[in-house]
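Shown next, in structure tokens, is the structure this report addresses.
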2 protein chains.
Amino acid sequence: MTTLETPGPTIGVVGGGQLGRMLAEAAAPLGVELVVLDPTPDCPAAPVARDQIVADFDDEAGVRELAARTDVLTFEIELADQEALDRVSEDSGTPVHPKPSTLETIHDKLVQKRTLRDEGIPVPPFREVTDADDVHEAIDDYGAPVMLKARTGGYDGRGNVPVETKADAEDALESVAGPAMVESFVNFEREISVIAVKGDDEIAAFPVGENVHEDEILRETIVPAGSSDAVTDRARDVAAHVLEVMDGRGVYGIELFETSEAPPASEASSGRSQRDGDILLNEIAPRPHNSGHWTIEGAESSQFEQHVRAVLGWPLGATDLRAPTVSVNLLGDVEEPRDAALRGVDRILETPGANLHWYGKRQARPLRKMGHVTLTGRDEASTDDLLETARELEDAVTFRP
Amino acid sequence: MTTLETPGPTIGVVGGGQLGRMLAEAAAPLGVELVVLDPTPDCPAAPVARDQIVADFDDEAGVRELAARTDVLTFEIELADQEALDRVSEDSGTPVHPKPSTLETIHDKLVQKRTLRDEGIPVPPFREVTDADDVHEAIDDYGAPVMLKARTGGYDGRGNVPVETKADAEDALESVAGPAMVESFVNFEREISVIAVKGDDEIAAFPVGENVHEDEILRETIVPAGSSDAVTDRARDVAAHVLEVMDGRGVYGIELFETSEAPPASEASSGRSQRDGDILLNEIAPRPHNSGHWTIEGAESSQFEQHVRAVLGWPLGATDLRAPTVSVNLLGDVEEPRDAALRGVDRILETPGANLHWYGKRQARPLRKMGHVTLTGRDEASTDDLLETARELEDAVTFRP
């Protein structure tokens, strides 16, 4: 039986970026407090959290202090050090959710894909590559282009390099600069994601969202996705299967491809039998995910509230859609880093159904995620109309002087 | 043109109770920070606010420090000292919203009623009383019962005493223990309220809510109210009129009576011509109000976000209803003060559409406001059904061991 008290339970979070900030915002109404560990003094989560420990994500002494001051540990970045978390948790008795072993599985994209494939979860063809010859062979087998990926450390498209021809393999490997893998380039109809939650003996999933990426950075999420019911059912089935493989409670962001029919030539050369409307797993994040920010206003409970509930072992909340919803990221549209000042937000503030989220980062940098806008539907608004309005709102603001 | 920056604007709030806490929760996504002034160390707003100044509400040195550290001052309790705020604002150049003169008008209920009546706003018959003879005369003129009210310092029904017969006048005056007024007892059909916002050259109002009080403490708010369209239009007109009288930007909680036809005997004795469905002003709070907590989930923007926008001079947000909504207060159901521990919250956490708000008070006391639950409608839910479920949720929890 859950009891609310003052002071309430405290969650220790490795990482204090925008995810930590929105986690703190969601925790406050429930009387739950956060202490975040982040190397940047006064990190985005700091103003809302109870306190910040200024330390590197893998600073074991810092993580020990975090564990000593909190009831449960979690993380909002994959850069958390799974071994340090495991040792600290064992020594302190403070549980970690999701389990550090899950972080270990996910951290190395090659290990992630192998684990998922071995569990029967549909993934695009992939292989480890160590040199240009390996990449050439992959192109022979999968057809060009292929996607070269850094096995660790990549995010927001960093470390993902499309290889169009064999001649590009050397340069691509050089830019990835470390252990790498190659994936067949998926001829997708749309990119979708499922924000799923693993609770204490229960799971939940939000409605499927459709994602628009540009330069491999998420720009927009549209809910509900334009997929057929059969496809969204299949996506949710895959998400449920993924949760079975993952160890530990929490929110998981599960990025998927909905495939389109492959062009005949490519089909012939690759030998693939990619069917229209198939679901292939792209990537998993063991934490709240950018493509789930829409849940704050668009769903009965947000992904952040769900993560709070899950890591504490509380009952999960309802995940139903409240209204068709679109979110657009506000990225740094600057050439060089500069003090963060987003101009022209009046239009966003004045638009009914629009909600502005500011992440509190001191500096705008090229394509850095600085905030987002969520637009929820009114009356009979279509997601197309919402998306059009959301894009207009995003176009109306700038970090440029 | 509004610009978002890091650090964003900081609001200094006199008072750090639950209203300050929910104000901080609403400010965070907009990059707006709060510093609160409150005499209770680690007050409810402290965990979410940037900082707390521990000082009495009327401690001028504390208010000076608050002004020095913030861009605009506001208050979440009427106990703020209007003269100190005026002096500090003048000396520091930090504006105060609403204006301290508004606080002065509202602080003394007799002054409040006179001001509103003189402006043509409909109020129940009232008069100043200094002794039992005055109360007797009021009973002769208005008919029994009458409501005896402390002119200052009363809230949550404290300082309001119904006087049933002339023989009760002495005791009632003694319990009020200070300057008092008497009001005709309004034979109301329902109590309603309008949460209205005065912005920079614009005003806004949320849909009319219906309030259920018990022992003069708000228990439930139901939106939309059961009133006719004509009555809700009239209520919003009165609210707009009230905003004209008030000086300074911010949210105002405007409590109204919707009258029912007075019984003939009372009518004859009092000479009133109270018509069915008339609107009479009960009380004004120059701040977010308990009867507006439903706006967090039930409206396009919350009363707290609106207060943040208003005091900063930003554009106001949309006030439309997202779905029929009911909020119920979680009051201390204890006989004696005890450590705050609310048992049995699982049912609330598990109910779709229910949102739990915990105020972070250390101690539960008899009838103290400890939190609230908001239930938003799904599909075709009626407010009657919502209210029934909300009451069940409230019944399922207890502060008793």
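The values are calculated or read from the model by the stated rules, or taken from the named source; none is laboratory data. Please read all numbers here as calculations on a predicted model, not as lab measurements. Here the Cβ is made from the backbone with ideal geometry for all residues, glycine too, and neighbour counts use every protein chain on show.
When A:V63, A:V35, A:V96 are checked against the criterion of being closer than 16 Å to A:P286 by Cβ and modelled with pLDDT of 95 or more, a single residue qualifies: A:V96.
Restricting B:D385, B:D339, B:D333, B:D346 to those that are more than 24 Å from the chain's Cα centre (by Cα) and more than 9 Å from chain A (Cβ to nearest Cβ) reduces the list to B:D385.
Cβ separations smaller than 7 Å between residues 6+ apart or across chains give the following pairs from segment A:232-243 residues that are in a helix (DSSP H, G or I) to residues that are of a type in the set (S, T, Y): A:V242/A:Y252; A:L243/A:Y252. Total residues in segment B:356-372 satisfying the condition of being in a strand (DSSP E or B) and facing chain A (nearest Cβ under 7 Å): the figure is 3. Restricting segment A:373-382 to residues that are more than 9 Å from chain B (Cβ to nearest Cβ) and closer than 21 Å to B:P315 by Cα, the residue that is modelled with the lowest pLDDT is A:G377. Among the residues of segment A:1-29, those identified as of a type in the set (A, V, I, L, M), in contact with a strand residue (DSSP E or B) (Cβ under 7 Å, 6 or more places away or on another chain) and assigned to a helix (DSSP H, G or I) are A:L23, A:A24, A:A27. Condition test on A:R158, is it basic (K, R) and outside the structural domain of A:L281 (by TED's automatic domain parsing)? Yes. Among the criteria (1) assigned by TED's automatic domain parsing to the domain that holds B:L280; (2) in contact (Cβ under 8 Å) with a residue 24 or more places away in the chain, the one B:D201 does not fulfil is (2).
Regarding A:L330, is this residue farther than 30 Å from A:Q82 by Cβ and either touching a residue at least 60 places away in the same chain (Cβ under 8 Å) or among the charged types (D, E, K, R) (or both)? In short, yes. If the condition is being touching a strand residue (DSSP E or B) at 6+ places or on another chain (Cβ under 7 Å), surrounded by fewer than 22 Cβ atoms within 10 Å (Cβ to Cβ) and of a type in the set (S, T, Y), then segment B:375-401 contributes B:T383, B:T389, B:T398. When segment A:30-69 is examined, which residues are found to be away from chain B (no Cβ under 14 Å), in contact with a helix residue (DSSP H, G or I) (Cβ under 7 Å, 6 or more places away or on another chain) and part of a strand (DSSP E or B)? If the condition is that a residue be away from chain B (no Cβ under 14 Å), in contact with a helix residue (DSSP H, G or I) (Cβ under 7 Å, 6 or more places away or on another chain) and part of a strand (DSSP E or B), then A:L37, A:I53 are the ones that fit.
Every condition in (1) more than 9 Å from chain A (Cβ to nearest Cβ); (2) out of contact with any Lys or Arg (no Cβ under 6 Å at 6 or more places or on another chain); (3) in contact (Cβ under 8 Å) with a residue 12 or more places away in the chain is met by B:A396 except one, and the failing one is (2). Scanning segment A:289-326 for residues that are touching a strand residue (DSSP E or B) at 6+ places or on another chain (Cβ under 7 Å), within 11 Å of chain B (Cβ to nearest Cβ), in a loop (DSSP other than H, G, I, E, B) and within 21 Å of A:A49 (Cα to Cα) yields a single hit, A:H293. The conditions of being closer than 17 Å to B:A285 by Cβ and under 21 Å from the mean Cα position of the chain (by Cα) are met by B:L103. Looking only at segment B:1-28, which residues are at the interface with another protein chain (Cβ under 9 Å from one of its Cβ atoms) and surrounded by fewer than 24 Cβ atoms within 10 Å (Cβ to Cβ)? Scanning segment B:1-28 gives B:M1, B:T2, B:T3, B:E5, B:T6, B:P7, B:G8. Does B:D133 satisfy the criteria of being in the same structural domain as B:T165 (by TED's automatic domain parsing) and modelled with pLDDT of 95 or more? The answer is yes for B:D133.
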